[in-house]
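Report on the structure given below.
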Amino acid sequence: MYFDVFHSPIGKLTIVCNNQGLTNIFFGENTKDYIKKGDHHFLLETKKQLDLYFGKNLKEFNIPLVIQGTPFQKLVWNSLKKIPYGQKMTYGELAKLIGNPKAVRAVGGANNRNPIPIIIPCHRVIGKDGSLVGYAGGLEIKKYLLTLEENN
């Protein structure tokens with residue numbers, strides 16, 4: 001596992017990859033368990049694409065992802081990637097999208113465990129009343145990301 005710390009407009013992001021692709025993005029600096037800090041090509045490409053995204057010059061990421069989770073979590077995370085840039089969806093709508101409209105709470109739990117925020121855009125999921133609810137990076141960061149996308 002390789003890591004690097006990316007300095008973004010929302011603070012430090014720790015990016016982690018292996019030789020197959022990107023495995024995690026953590027808010028803040030979380031580097032204790034990783035083998036090597038460095039210039040792995042997946043790290044470099046992720047930083048490049050994050051720079052473009054925060055500069056409002058990228059709407060869709062193109063980075064190989066290595067996602068570890070349950071089959072349900074993977075279904076939710078892959079469905080999150082279908083929410084278009086600048087759009088929002090409620091937890092209920094996401095549950096319907098995956099074919100399980102009663103799984104709203106389970107969808108929220110999977111969203112909460114998203115290992116690659118921003119690139120797997122869980123920030124685009126909102127409460128049924130339109131409120132911003134739950135985000136690993138905090139609601140201010142969620143609001144920032146949604147505003148960034150809405151104004152582009």
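Data for the structure
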quantity	calculated
Residue within region 101-111 that is modelled with pLDDT of 95 or more, within 23 Å of Ile126 (Cα to Cα) and of a type in the set (S, T, N, Q) present	no
Residue under evaluation Gly28, criteria (1) in contact with a Lys or Arg (Cβ under 9 Å, 6 or more places away or on another chain); (2) free of Cβ contacts under 8 Å to residues at least 24 places away in the same chain; (3) farther than 23 Å from Asn112 by Cα, criterion not met	(3)
Failed item, numbered, when Gly99 is tested on (1) surrounded by fewer than 13 Cβ atoms within 10 Å (Cβ to Cβ); (2) touching a Phe, Trp or Tyr at 6+ places or on another chain (Cβ under 6 Å)	(2)
Spans of helices (runs of 4 or more DSSP H) in region 58-152 with at least 1 residues among the acidic types (Asp, Glu)	91-97, 139-150
Number of the exception - Phe72 against (1) farther than 30 Å from Asn100 by Cα; (2) open to solvent by 30 Å² or more (accessible area, probe 1.4 Å); (3) touching a helix residue (DSSP H, G or I) at 6+ places or on another chain (Cβ under 8 Å)	(1)
Pairs with Cβ under 8 Å, 6+ apart, first in region 122-144 and closer than 15 Å to Gly86 by Cβ, second open to solvent by less than 30 Å² (accessible area, probe 1.4 Å) and basic (Lys, Arg)	His123/Lys142
Search result, residues across region 1-54 that are part of a loop (DSSP other than H, G, I, E, B), open to solvent by 50 Å² or more (accessible area, probe 1.4 Å) and farther than 26 Å from Leu148 by Cα	Met1, Asn19, Gln20, Lys32, Asp33, Ile35, Asp39
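The values are calculated or read from the model by the stated rules, or taken from the named source; none is laboratory data. Owing to the predicted nature of the structure, the values given are computational and were not obtained by experimental measurement. For neighbour counting, all protein chains shown are included, and Cβ atoms are generated from backbone atoms with ideal geometry for every residue, glycine included. Note: areas computed on protein heavy atoms with side chains; ligands, DNA, RNA excluded. Shrake-Rupley method; radii C 1.70, N 1.55, O 1.52, S 1.80 Å.
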